[in-house]
Amino acid sequence: MLESIGVDDVEALFDIPEKVRYDGELGIEARDEPTIKAEIASMLGRNEDMVELLGRGHYDHYVPSVVDQLSGRSEFLTSYTQYQAEVTQGFLQALFEFQSMLRELTGLGVVNCSMYDAPSAIGEAATLASRVRETSGNRVLVPDILQDKRRDVIENYVAGPEMPVDTYPTEDGNVDLDGLRSAMDEDVVMVYVESPTARGTIEEHVAEVGELTDEFDAMFTLGSDPIALAMLEEPAAHGVDTVVGEADVLGLPTSYGMGTGLFATKKDYVRQVPGRLVGVSEDSNEKRSFTLTLQTREQHIRRERATSNICTNQAWVALRIAMHMALLGPSGMLELATESVERAADLAERVDEIDGIEAPVHDRHHFREFVARTEAPAGQIADDLGEEGFAVHVLGENELQFCVTGVSDDELDEFVSTLSEVTA
Amino acid sequence: MTRFEQARYIQDEERYEPLLSEKDSTTVDVDGPLPDDLTRDDLTMPEISEPELARHYTRLSEMTYGVDNGPYPLGSCTMKYNPSFTEDVAADPSGFVHPDRPDETVQGNLELMYTLQRYLAKIGGMEAVTLQPPAGAAGEFTGIMITRAYHEYHGEDQRDEVIVPDTAHGTNFASAAMGGYEVIEIPSSDDGRVHLDALEDALSENTAALMLTNPNTLGLFEKDIVEVADMIHDAGALLYYDGANLNALLGRARPGDMGFDIMHYNVHKTFATPHGGGGPGAGPVGVCSDLAEFLPNPQVCKDGDEYTTCEPEHTIGKVHGFQGNWLVLIKAFAYIARLGDEGLRDTGAKAVLNANYLGEQLDIDIPFRPFHHEFVASGDRDATDFAKRMLDYGVHPPTTKFPHIVKDALMTEPTESENRHSLDRLASAFNDVMGDSDEELAGAPNYASAGRVDQTKAAKDLILSWQDLDAE
């Protein structure tokens, strides 16, 4: 090969000035496959084996093996963005099916092929609002119970366009409608509401918020997820303009916070939507075929005037989510939603029977998780539970949050008895 | 001539494979534990048995071309082979923990992340690294936000411009704009590199940063990089390195040594994590010591034998809800560990050797030289048609019509994964297309699972779901 290029040494191909060449050692020792496997197994083996009653944006719904097997097919895994539609019809169709199933769940006409995670999707929704809404300002309102982590990400997304982020109050884990109304003015371009919320409550005032945001011509963005949406009222029917959230409650196990952002909005906004869209067309054989469409919105064509900088997304997780949804079907999805309500309510009732704990704190319906109030310091209880192998969220001095997703009935029994012991 | 035929089963006259909704769809009443006014009336979704699901997606996979199917020389995307064992290590259930677990209970995850931060810092010549950005563009955005925070901290809020060369990736322009900057595009010089006079003219007290790819998208090393870095720093601005083309330099040159202050790594390019049909990737960001305290929250730190999460003093906050794309990061760690110092250097050498060997075999003009891991050929044929015709020869085409300064650009990056035989096959695909008639190019592809897809119709009809299709 060198000969055909006409050089003696591969080094001759490098046109790097001497002064910036690196001659040092990086000090990374090469290991063979079995050694690395053993090393990583030993490293990850240092993680404590705990029963996690954790949620707040990342959940552990069981993913059937067939999803791993099929999504692991190397054509899916080793392909990239479908710039050449003719040789990627399969992946394009899978993404089109993903878009369609989420359209069914949200009632909204445009669903993109994914964002990174829920917080980045909320940030993108805010900038979408500033492009499509004619309000005099571009203030964003988020609930006072939003996770700090999410708010942190949103603040970065809106720093460029200088969109202030303010909070509106909640009352007993739901939107405080009077409080929201007082926070509204003609400068508000987007109101963000969650259902289920960070504290596990189901929002009861979606329709009222829809009317209020309409009155002020602000975009109404709802944070939710595919399992909750299988049961809850269809967002579009209640004035929601945009739905965002973690789509990966299906298709992805607990993976240390790796997510996949759901992004659905009205078809009116299609030319301002961030991310990739798959559309239907016809090929030269006059057969139905699929292709990425409206790419002129995207960074590789529109550059600094693109709707977003997103290029690489979470497509492979979207594929897995679509597989999981198709396997569950509507009854399977509803079953998961039902369990999420019933098991959370059941655990709350059992926790409430323990002296020194009141649960749920909010007099609302809950989904997957709920907040409990403790007489003793919550941090101490969490530490004691940790000693016994249970991980829970500490929200404040006297608040804990428990999530039932991915926790077996036996584990919940053991948790309840351990909780009574540590609070006794 | 080698011809390749992709799976081309044809279901019927209308379509190649029915949609899930056309296979089986069910409507169920929603009658659950919640009051009616909070729930929907019914839900209609596909419902497919496991064997049907297996056949549907196996079929769809057969209609998808990946690196495991053949050469995939998509320029600047570094479509190298993804080693199988990295999938196994990422599937270790011990790593599947919740991100809100206390540090002391997830020492394994933290140790892996800390070690990967150190590996990347060494490879890039950087002081500190964050693993949080979930993609290259997210890394750019993180770098831009660090730039903003740094200048604001030093009371230089007037710096509202980011300079980007005309050959840069589209994400550079978009990321700078998202971060609130005005983008100043500068033309390249005749030799395809940064035009120093144009840079001098563009620089001012308003310059926040220059974003640069090196080797650039033409595959050329920016030989004046030290002068460029001095100019940027003298102007009080920062120098940003787009890591898309880092593969060429592995172990041989480091952005930090060239004077770059911030860089992102595309682990799905350089470190072989699979591209997954568009993602997930990961875009860690490295910074020099002056910028370490501006990194996203949290960083993974080491305190004695314990690994902890810690908050940098002037942190920009968060760019991902949790810790980034963890499953991707494990694979990158495993890949780097497998290669080590020598393997990394060898990777860069082979990537550059392969690109030069391939370039040498082509009967097509490559206007800018000497190139490294990728080159931009210009066939004087419509680049889209050229690419579609390449599909008929069983290879994935290069990136087309980019960078814009080359007419009908074919941006080609074979990567180190291809052997000589495969490169020869790729070369004959290029050369055969050059010899084909305009009609043959316009009529391609003929052997892919679909014929040429009408892009205009898709954008005009905007059918984005099966509900739209039913409404037709």
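The values are calculated or read from the model by the stated rules, or taken from the named source; none is laboratory data. Bear in mind the structure is a predicted one, so any value in this text is a computation, not a measurement. Cβ placement follows ideal geometry from the backbone for every residue including glycine, while neighbour counts extend to all protein chains displayed.
Count, please, the residues in the range A:34-60 that happen to be crowded, with 19+ Cβ neighbours inside 10 Å, within 7 Å of another protein chain (Cβ to nearest Cβ) and touching a residue at least 12 places away in the same chain (Cβ under 8 Å). Show your work before the answer.
Of the range A:34-60, the ones crowded, with 19+ Cβ neighbours inside 10 Å are A:36, A:40, A:43-44, A:47, A:50-60.
Still in the running and within 7 Å of another protein chain (Cβ to nearest Cβ): A:36, A:40, A:43-44, A:47, A:50, A:52, A:54, A:56-58.
Subset that is touching a residue at least 12 places away in the same chain (Cβ under 8 Å): A:50, A:52, A:54, A:56-58.
Residues flagged as crowded, with 19+ Cβ neighbours inside 10 Å, within 7 Å of another protein chain (Cβ to nearest Cβ) and touching a residue at least 12 places away in the same chain (Cβ under 8 Å) within the range A:34-60 amount to 6.
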When only residues in the range A:25-82 that are of a type in the set (Gly, Ala, Ser) and in a helix (DSSP H, G or I) count, which is farthest from B:THR308 (Cα to Cα)? A:SER74
Considering the range B:149-162 alone, what residues qualify as being surrounded by fewer than 24 Cβ atoms within 10 Å (Cβ to Cβ) and in contact with a strand residue (DSSP E or B) (Cβ under 9 Å, 6 or more places away or on another chain)? B:TYR150, B:HIS151, B:GLU156, B:ARG159, B:ASP160, B:GLU161
Filter the range A:200-223 for residues that are touching a residue at least 40 places away in the same chain (Cβ under 8 Å) and within 14 Å of chain B (Cβ to nearest Cβ) and give the result. A:GLY200, A:THR201, A:ILE202, A:GLU204, A:GLY223
Among the residues of the range B:5-26, is any facing chain A (nearest Cβ under 8 Å) and under 25 Å from A:ARG343 (Cβ atoms)? yes
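Of these, B:THR39, B:THR78, which one is farther than 27 Å from A:GLN69 by Cα, outside the structural domain of B:GLY348 (by TED's automatic domain parsing) and modelled with pLDDT of 95 or more? Working first, answer last.
Details: B:THR78 fails: farther than 27 Å from A:GLN69 by Cα.
Going through B:THR39, B:THR78 in turn, the sole match is B:THR39.
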For the condition touching a residue at least 12 places away in the same chain (Cβ under 8 Å), more than 30 Å from A:ARG181 (Cβ to Cβ) and more than 10 Å from chain B (Cβ to nearest Cβ), what is the one hit in A:VAL240, A:VAL270, A:VAL249? A:VAL249
Just wondering, is there one or more residues in the range B:419-426 that are among the polar types (S, T, N, Q), within 25 Å of the chain's Cα centre (by Cα) and farther than 29 Å from B:TYR16 by Cβ? yes
Flag if B:LEU353 is touching a helix residue (DSSP H, G or I) at 6+ places or on another chain (Cβ under 6 Å), under 18 Å from B:GLY95 (Cβ atoms), of a type in the set (A, V, I, L, M) and at the interface with chain A (Cβ under 7 Å from one of its Cβ atoms): no
Given (1) within 7 Å of chain B (Cβ to nearest Cβ); (2) more than 30 Å from B:GLN107 (Cα to Cα); (3) over 19 Å from the mean Cα position of the chain (by Cα), where does A:MET101 come up short, assuming only one miss? (3)
If a residue has to be in a helix (DSSP H, G or I), facing chain A (nearest Cβ under 7 Å) and surrounded by 19 or more Cβ atoms within 10 Å (Cβ to Cβ) to count, how many in the range B:44-56 make the cut? 1
For the condition crowded, with 19+ Cβ neighbours inside 10 Å and either modelled with pLDDT of 95 or more or under 24 Å from B:ALA349 (Cα atoms) (or both), what is the one hit in B:SER465, B:SER422, B:SER437? B:SER465
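One residue is enough: does the range A:17-33 have a residue meeting the conditions among the aromatic types (Phe, Trp, Tyr) and touching a residue at least 40 places away in the same chain (Cβ under 8 Å)?
no
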Regarding A:SER71, is this residue in contact with a Leu (Cβ under 6 Å, 6 or more places away or on another chain), of a type in the set (Ser, Thr, Tyr) and crowded, with 21+ Cβ neighbours inside 10 Å? yes
Pairs with Cβ under 9 Å, 6+ apart, first in the range B:446-463 and among the aromatic types (Phe, Trp, Tyr), second outside any loop (DSSP other than H, G, I, E, B): B:TYR447/B:LEU391; B:TYR447/B:ASP392
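Which is within 22 Å of the chain's Cα centre (by Cα) and either assigned by TED's automatic domain parsing to the domain that holds A:THR338 or acidic (Asp, Glu) (or both), of A:ASP214, A:ASP148, A:ASP178, A:ASP172? Before the answer, list the steps.
Numbers: A:ASP214 fails: within 22 Å of the chain's Cα centre (by Cα); A:ASP178 fails: within 22 Å of the chain's Cα centre (by Cα); A:ASP172 fails: within 22 Å of the chain's Cα centre (by Cα).
Every option except A:ASP148 fails the conditions.
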B:THR400: buried (at least 19 other Cβ atoms within 10 Å of the Cβ), out of contact with any His (no Cβ under 8 Å at 6 or more places or on another chain), at negative phi and in contact (Cβ under 8 Å) with a residue 60 or more places away in the chain, yes or no? no
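Quick one: which of A:GLY379, A:GLY396, A:GLY389 is assigned by TED's automatic domain parsing to the domain that holds A:GLU349, surrounded by fewer than 19 Cβ atoms within 10 Å (Cβ to Cβ) and either within 15 Å of A:ALA359 (Cβ to Cβ) or modelled with pLDDT under 95 (or both)?
A:GLY396
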Among the residues of the range B:211-259, what is the count of those that are within 20 Å of the chain's Cα centre (by Cα) and at negative phi? 23
On the given criteria, is A:ARG303 basic (Lys, Arg) and within 10 Å of chain B (Cβ to nearest Cβ)? yes
Looking only at the range A:155-172, which residues are more than 12 Å from chain B (Cβ to nearest Cβ) and either at negative phi or of a type in the set (Ser, Thr, Tyr) (or both)? A:PRO164, A:ASP166, A:THR167, A:TYR168, A:PRO169, A:THR170, A:GLU171
Looking at (1) hydrophobic (A, V, I, L, M, F, W, C); (2) at the interface with chain A (Cβ under 9 Å from one of its Cβ atoms); (3) assigned to a helix (DSSP H, G or I); (4) closer than 30 Å to B:ASP365 by Cβ, which is the one condition that is false for B:VAL226? (4)
How about the range A:248-278: which of its residues are outside any loop (DSSP other than H, G, I, E, B), crowded, with 24+ Cβ neighbours inside 10 Å and touching a helix residue (DSSP H, G or I) at 6+ places or on another chain (Cβ under 6 Å)? A:ASP248, A:VAL249, A:GLY261, A:LEU262, A:PHE263, A:ALA264, A:VAL278
When you look at B:ILE163, is it in contact with a Leu (Cβ under 6 Å, 6 or more places away or on another chain), modelled with pLDDT of 95 or more and not aromatic (Phe, Trp, Tyr), yes or no? yes
Tell me, yes or no, whether the range A:118-141 has at least one residue that is more than 7 Å from every other protein chain (Cβ to nearest Cβ), in a strand (DSSP E or B), in contact with a helix residue (DSSP H, G or I) (Cβ under 8 Å, 6 or more places away or on another chain) and farther than 30 Å from B:MET63 by Cβ. yes
Has the range B:73-90 got at least one residue that is in contact with a Pro (Cβ under 7 Å, 6 or more places away or on another chain) and more than 7 Å from every other protein chain (Cβ to nearest Cβ)? yes
Take the conditions surrounded by 24 or more Cβ atoms within 10 Å (Cβ to Cβ), more than 9 Å from every other protein chain (Cβ to nearest Cβ) and of a type outside the set (A, V, I, L, M) and apply them to B:PRO165. Does it pass? yes
